[in-house]
Amino acid sequence: MAGMTRSSPYEVTTRTRASRITAVAAVALLALLVVLPLFAGRGLIQDMFFILTMLVLAQFWNLLAGYGGLVSIGQQAFVGMGAYAMFGGVILAGMDPIPAILLGGIAALIVAIPTAFFAFRLQGPYFAIGTWVIAEVMRLVMAQAKALGGGTGTSLPRTATREMWATEWIAGALDVRNSAARDILTYWLALALAAATIAAIYALLRSKRGLALSAVRDNPEAAKSVGVDAGRMKWFVFLTSAFGTGLAGALIYVQKARISPDAAFSVTDWTAYVLFIVIIGGIGTIEGPIIGVIVFFLLQSLLADYGSWYLFTLGIIGIVVMLVAPRGIWGLITERTGIQLFPVRRRLSGGSLKED
Amino acid sequence: MSFLTTRGLTAHYGDFQALFGVDIMLNEGETIAIIGANGAGKTTLMRSLSGVLRNSPEMITLDGRKIGAMSADEIVPLGLAMVPEGRRLFPSLSVEENLLIGAYGRKIEGYWNLEKIYRLFPILAERRSSPGTALSGGQQQMVAIGRALMSNPRVLLCDEISLGLAPVVIRDIYAAVPRIQESGASLIVVEQDIGQAMKVADRVYCMMEGRVTLEGTPQSLSRDDIHAAYFGVGA
Amino acid sequence: MIWVDTIVQGVLLGGLYALFAAGLSLVFGIMRLVNLAHGDFIVMAAYLILLLVTLLGLSPFVAAALAAPIMYLTGWLLQKHLLNRTLGTDILPPLLVTFGLSIALQNALLEGFSADSQRLPTGAISTASLDLGVINVGVLPLMTFGSAIVVIVGLNQLFYRTELGRAFRATSDDPTTASLMGIRPGDIFAKATAIAMLVVTLAALYLGMRSNFDPSIGPARLIYAFQAVIIGGLGSLWGTLAGGVIIGLAQTIGAAINPEWQILAGHVAFLVVLLVRPRGLFPRAVD
């Protein structure tokens, strides 16, 4: 394939000028975010942790629903299982919380297998509620786990959080207290996870597999006829996003250090917010969740004091966006300007073809 | 006097233009046939007339009323019914229910009722309780025609009613056409079977690539004329 | 003897779940739409009944009769002006819009009525029971079950014996061809959701009389309703009743073993049915 492309006067590219600028800007932004704890206060670091972890959850839900066509409202299952597995590793096996995060991802991946087995028997809207039911089952089962606090939940042992990997080093190097060092550590991990998530999803969408994914979403029958195995794509996407969501869930609860079944399996916190972020930003794009999470954070800072009116407003905004601009804010921007920061569409250039 | 008229009718499917300024007219009590090859735009014309496809208001007039932009459910009560291509019976409904649902949009009583439909197609009375889709193709076509007649239309559009049927079955179905004409309805018959169309029509329009290429009475048109208008050769 | 009692209680509880589910089943059968705010509408109707009871001093039954036309109109407007705009080949818009609606409705109720638990005043009926020799059966659970059967018989009659029912089925089969019959699919959908809201009102009446409710319990009612519909098989109203009974039985038996297992047992029963009969117990022949 590559050889053929080279000898042909045509060239298939996915890069755009905006994407090259994005690449440069992304590296600069990443560098800035890495050094942020050197001069930012603890409040900002905590806010950034929240934004980055929500972004990871949003990217994985977007991969599932926006690219894979699998509309799940049970992602809290993987946040919760990731978090509980991390707690289990720390409390029951005496692990350090940081490596236990990986355990969270693996646990989410493992429970995703039977989840998919059941949920894939349901179509469309019933798949959505089916995933929710399974998340409820996990919440009720974890509430029975007495060793992890049962229905009321538990906290990470003080010794485990204080002696967490690298915190002492950070505390010494940046001259901050142990608790602040913990926030900085989890922030860096969240930053790494968010950057890796975006890079991995972008790479996936630009690969042959990403092309197959769009084909399955747009027309499963036609995709099948050209040899794309839709069933395998569904499994792949579902398990990938379960793993990522589990990692994020475990990381979030390393920072929170306190868990309960109702909080860890909350449909509002881990699915409703995430849906809102993706919809308002623009579903089916990588840029959408990034914009969405910023808008979500601003709205929350502005309206969080109003309690239930805040959630009411989120619900209404979600409905209005879905009806008026179903492709979200990023959809409106690309419509006006044609900008693509993370282009995944292949364009043919060169040769004698005229541009129209 | 012209009863149903299209003037400069255009239609699009997304970027694809299917009709390019089609002018046809139908007089009261008249039957016209529209013939043409696959892709000539016949079905698009039918979909526009029935309101399944929306156009500009002035492009189609029925009895002087602009109906081009109306939806199908608004047009049916004005007295226009369609037998859609492929029959499209409702699988959840029995034969009799399929017929009865045809009267859903009927505003006034008229010539046609269940009993008259059963007299027109006696086999349907025997099969009245069967699911519509359990019938043979020809019987399903009878249900589709009966269903459209149940609204007592002043104009009946028949889209490819012979498609996929055996010649003997087609003959049976076309035998009903004179009875429908006698009931006072005007007909537009879309056909690929030119012979059948010529037998029942007062006038014929031939379409090609979204345009009307020929118009006349069956007697006035020669085989060569039709051949040229149909295939676009030798003209 | 305790087991006979448990089983009877479970079956009767299934009547309540069938009432939760019948509206969902109806709407899905006609327009393939799943309203994720269905449970929240049940809770909203319960508050509406409560409001009429407190403001006008009515009995819950009279209040429900007054609430019914209000809910009917709510359903009609909701479908006509909001949900119809989301219908199409893409499943995302209806799911996300009704999910947003669910969040908005829960929080509006929370703002309006606080998080406190409420209950409809029932008087003597809540404690009345019939002595059937071996066991005592509560009058209210019996009425709930009876109402579920009446609703299902009624909806089946509507579906298979009336002109509106024919239009429902025709539109469900093929909306475009239905419009060629003079049927306006948007209006048919609006009527279907409006009728579903009548059933929702009845479900709310029994929910509010039998147990406490607060603004947060909607999603769980949606889940029970959903499980009943799937277990019964999509599109079968009698199947929905059977599904409700299975969930009710599983929950009651689970609770008899360990009170903490009540809800979990219902979910497990659902998953088991999904495992052995993925299309439900009474699937429609053609789909």
### Task
Note the angle between two axes, namely the Cα long axis of helix A:328-337 and the longest principal axis of the Cα atoms of chain A, as a number of degrees from 0 to 90, rounded to the nearest 10.
30 degrees
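Please give the FRET efficiency for residue A:38 paired with residue A:123, using the beta carbon to beta carbon distance and R0 = 45 Å, rounded to the nearest 0.05. Walk me through the numbers before you get to the answer.
Working: r = 51 Å, r/R0 = 1.14.
Efficiency at R0 = 45 Å is approximately 0.30.
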### Query
So what J values fall out for the range A:214-225 if you push phi through Karplus, 6.51 cos²θ - 1.76 cosθ + 1.60 with θ = phi - 60°, rounded to Hz, Gly and Pro as x?
4, 4, 5, 5, 6, 7, x, 5, 5, 4, 4, 5
### Task
Give me the distance between the Cα centres of the range A:261-328 and the range B:104-138, rounded to whole Å.
54 Å
#### Entry: Nonlocal amide H pairs with residue B:21, under 5 Å, H built at 1.01 Å
B:9, B:10, B:11
### Message
Explain nothing, just compute: Karplus ³J(HN,Hα) = 6.51 cos²θ - 1.76 cosθ + 1.60, θ = phi - 60°, for every residue of the range C:240-254 in order, whole Hz, x for Gly and Pro.
### Response
4, 4, 4, x, x, 5, 5, 5, x, 4, 4, 5, 5, 5, x
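Restricting everything to alpha-carbon atoms, can you work out Rg to Rh for chain C with a Kirkwood hydrodynamic radius?
Values: Rg = 18.7 Å, Rh = 19.3 Å.
Reported Rg/Rh (Cα atoms, Kirkwood Rh): 0.97.
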### Query
How do C:188, B:194 rank when sorted from fewest to most other Cβ atoms within 10 Å of their own Cβ?
B:194, C:188
### Message
Could you check the spin-label model distance between residue B:111 and residue A:256? Points 7 Å from the Cα along Cα→Cβ, value in nm.
### Response
7.5 nm
### Summary
Quick numbers on the range A:1-105, Rg and Dmax over C-alpha atoms in Å, give 20.4, 62
### Task
Would you mind computing, in nm to one decimal, how far apart the modelled labels at residue A:17 and residue B:17 are, each placed 7 Å from Cα along Cα→Cβ?
3.4 nm
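Return an integer: the convex hull volume of the alpha-carbon atoms of the range A:11-345, in Å³ per residue. Each step should come with its number before you reach the end.
Numbers: hull volume 48.8 nm³, N = 335.
Convex hull volume per residue, Cα atoms: 146 Å³.
Between residue A:200 and residue A:178, what length comes free when the chain is fully extended (0.36 nm per residue of separation minus the Cα-Cα distance, one decimal in nm)?
Working: separation 22, 0.36 × 22 = 7.92 nm, distance 3.24 nm.
Computed gain between residue A:200 and residue A:178 is 4.7 nm.
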### Query
Could you list, bin by bin from short to long, the percent of Cα-Cα pairs of the range A:118-213 in 5 Å steps?
3, 11, 10, 9, 10, 17, 15, 11, 10, 4, 1
### Summary
Once normalised by the length of chain A, the mean sequence separation of its alpha carbon contacts under 8 Å that are 6 or more apart gives a contact order in percent of 31 percent
### Task
Determine the distance separating the Cα centre of the range C:145-202 from the Cα centre of the range B:1-51; give it in Å without decimals.
35 Å
### Query
Going out from 0 in 10 Å bins, what whole percent of all Cα-Cα distances in the range A:58-181 drops into each bin?
13, 34, 28, 19, 7, 1
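Calculate the translational D of the range C:1-114 in whole µm² s⁻¹ from Stokes-Einstein, where the hydrodynamic radius comes from the Kirkwood formula applied to all Cα pairs, the temperature is 4 °C and the viscosity 1.567 mPa s.
Result for D is 81 µm²/s.
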## Note on the structure
Listed by chain and number, the residues whose amide H is under 5 Å from that of residue B:186, excluding neighbours fewer than 5 places away on the same chain and using placed H, are B:29, B:155, B:156
### Query
Taking R0 as 35 Å, what's the FRET efficiency between residue A:145 and residue C:275 from their Cβ-Cβ distance, rounded to 0.05?
0.90
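Going by how many other Cβ atoms sit within 10 Å of their own, how do B:215, B:109, B:191, A:11 line up, fewest first? Walk me through the numbers on the way to the answer.
On the way: B:215 16, B:109 9, B:191 25, A:11 12.
Taking fewest neighbouring Cβ atoms as first place, the list is B:109, A:11, B:215, B:191.
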## Note on the structure
Distance in Å, no decimals, from the C-alpha centre of the range A:121-184 to the one of the range C:43-106 is 37 Å
### Task
Wrap a convex hull around the Cα atoms of the protein assembly as shown, take a quarter of its surface area, and give that in square nanometres.
45.2 nm²
### Task
Estimate the FRET efficiency between residue C:142 and residue A:209 by the formula 1/(1 + (r/R0)^6), using the beta-carbon distance for r and 56 Å for R0, to the nearest 0.05.
0.45
#### Entry: From phi via Karplus (6.51, -1.76, 1.60), per-residue ³J(HN,Hα) for the range B:177-191 in Hz, x at Gly/Pro
4, x, 5, 5, 4, 4, 6, x, 6, 8, 10, 10, 10, 9, 9
### Task
Report Rg (one decimal) and Dmax (nearest whole number) for the range C:150-273, counting Cα atoms only, units Å.
17.4, 57
### Query
Quick one: if you take sqrt(5λ) for each eigenvalue of the C-alpha gyration tensor of the range B:2-231, what semi-axes come out, biggest first, whole angstrom?
27, 20, 16
### Query
Using Cα atoms only, what is the angle between the long axis of helix C:262-276 and the major principal axis of chain C, expressed in degrees (0 to 90) to the nearest 10?
50 degrees
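Read-outs throughout are calculated quantities, based only on the coordinates presented, and are distinct from any laboratory measurement. Because the structure is predicted, anything quoted here is derived from the model rather than measured. Positions of Cβ are generated from backbone atoms using ideal geometry, with glycine treated the same way; all protein chains shown enter the neighbour counts.
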